[in-house]
Ligand SMILES: Cc1cc2nc3c(=O)[nH]c(=O)nc-3n(C[C@H](O)[C@H](O)[C@H](O)COP(=O)(O)O)c2cc1C
């Protein structure tokens with residue numbers, strides 16, 4: 001697939017077919033994604049890819065945890081000033097005001113990772129994240145570049161993804177379910193699978209600000 005096609009076609013999928021993703025395909029995606037750039041080539045990322053029984057057990061325990069406050073290890077944003085607030089598009093079909101039942105259903109679907117057959121958890125060692133002068137935000141920047149690699153490569157293999165901050169709100173459950181040491185921060189999960197393109201949850205296409213609002217050109221005159 002042409003790179004520009006992959007960039008255009010990638011979007012967040014929130015409903016997946018039950019078909020498993022072959023291990024060989026996941027290995028190819030992860031191996032190719034590792035070419036991502038990082039600060040001085042520090043490669044501050046590690047991954048746990050989960051499927052099957054361990055992943056199902058994590059989802060069930062997440063559901064049992066109910067509506068407790070997120071305990072994310074990388075702090076979630078607490079404020080969205082304008083213009084960012086106006087740009088937020090809630091995941092879900094169409095333009096409608098969701099009822100409490102809609103929101104509950106959406107939350108449960110999210111916790112179940114939208115039925116994706118596999119999850120890629122992105123880990124960062126505490127020693128590169130917490131530093132004497134504060135949090136090293138650059139390792140998160142690096143993780144963003146490899147996560148985008150993963151999502152674009154997945155598109156190339158006919159797969160769908162969604163990066164999910166929501167999937168790591170109870171890190172202790174993932175840690176014990178997948179035997180992840182305490183030194184490794186669980187930063188985000190990527191749900192991956194073959195998208196169910198007919199599902200209403202996958203009909204939303206998010207918009208973008210126009211080029212002229214986001215980019216200033218100088219010296220081209
Ligand atoms: C860091 C990050 C965290 C995200 N967390 C979630 C999440 O918890 N749940 C979800 O449904 N989508 C999540 N998303 C997906 C965004 O909502 C989505 O990328 C955005 O709305 C743009 O839509 P698109 O990916 O379809 O282009 C996340 C994306 C990023 C980059």
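When residue 139 is tested against (1) buried (at least 19 other Cβ atoms within 10 Å of the Cβ); (2) closer than 22 Å to residue 55 by Cα, just one condition goes unmet, and that condition is (2). Just one residue in the set 73, 31, 69 is in contact with a helix residue (DSSP H, G or I) (Cβ under 9 Å, 6 or more places away or on another chain) and either free of Cβ contacts under 8 Å to residues at least 24 places away in the same chain or buried (at least 16 other Cβ atoms within 10 Å of the Cβ) (or both); that residue is 73. Filter the range 120-135 down to residues that are more than 24 Å from residue 3 (Cα to Cα) and in contact (Cβ under 8 Å) with a residue 12 or more places away in the chain and give me whichever is farthest from the ligand (Cβ to nearest atom). Out of the qualifying residues, it is 127. Under the condition of being farther than 20 Å from residue 4 by Cα and buried (at least 20 other Cβ atoms within 10 Å of the Cβ), which residue from the range 142-165 is nearest to the ligand (Cβ to nearest atom)? For the range 142-165, the residue satisfying everything is 164. Can you find a residue that is touching a strand residue (DSSP E or B) at 6+ places or on another chain (Cβ under 6 Å), closer than 23 Å to residue 184 by Cα and surrounded by fewer than 16 Cβ atoms within 10 Å (Cβ to Cβ) anywhere in the range 8-27? No, the range 8-27 contains no residue that is touching a strand residue (DSSP E or B) at 6+ places or on another chain (Cβ under 6 Å), closer than 23 Å to residue 184 by Cα and surrounded by fewer than 16 Cβ atoms within 10 Å (Cβ to Cβ).
Quick one: which of 23, 55 is over 19 Å from the mean Cα position of the chain (by Cα) and either under 13 Å from residue 159 (Cα atoms) or more than 16 Å from the ligand (Cβ to nearest atom) (or both)? Give the steps one after another, and end with the answer.
Values: 55 fails: over 19 Å from the mean Cα position of the chain (by Cα).
That would be 23, the only listed residue that is over 19 Å from the mean Cα position of the chain (by Cα) and either under 13 Å from residue 159 (Cα atoms) or more than 16 Å from the ligand (Cβ to nearest atom) (or both).
Against the criterion of being modelled with pLDDT of 95 or more, surrounded by 14 or more Cβ atoms within 10 Å (Cβ to Cβ) and either touching a strand residue (DSSP E or B) at 6+ places or on another chain (Cβ under 8 Å) or more than 16 Å from residue 118 (Cα to Cα) (or both), residue 49 qualifies. Out of everything in the range 185-207 that is surrounded by fewer than 18 Cβ atoms within 10 Å (Cβ to Cβ) and more than 13 Å from the ligand (Cβ to nearest atom), what residue ends up being modelled with the lowest pLDDT? That would be 200. Could you say whether any residue in the range 112-128 is outside any strand (DSSP E or B), at pLDDT 95 or above and touching a helix residue (DSSP H, G or I) at 6+ places or on another chain (Cβ under 6 Å)? Scanning the range 112-128, I find at least one residue that is outside any strand (DSSP E or B), at pLDDT 95 or above and touching a helix residue (DSSP H, G or I) at 6+ places or on another chain (Cβ under 6 Å), so the answer is yes.
The values are calculated or read from the model by the stated rules, or taken from the named source; none is laboratory data. This structure is a prediction, so every number in the text was calculated from the model and none was measured. Using ideal geometry, Cβ is built from the backbone for each residue, glycine included, and neighbour counts are taken over all protein chains shown.
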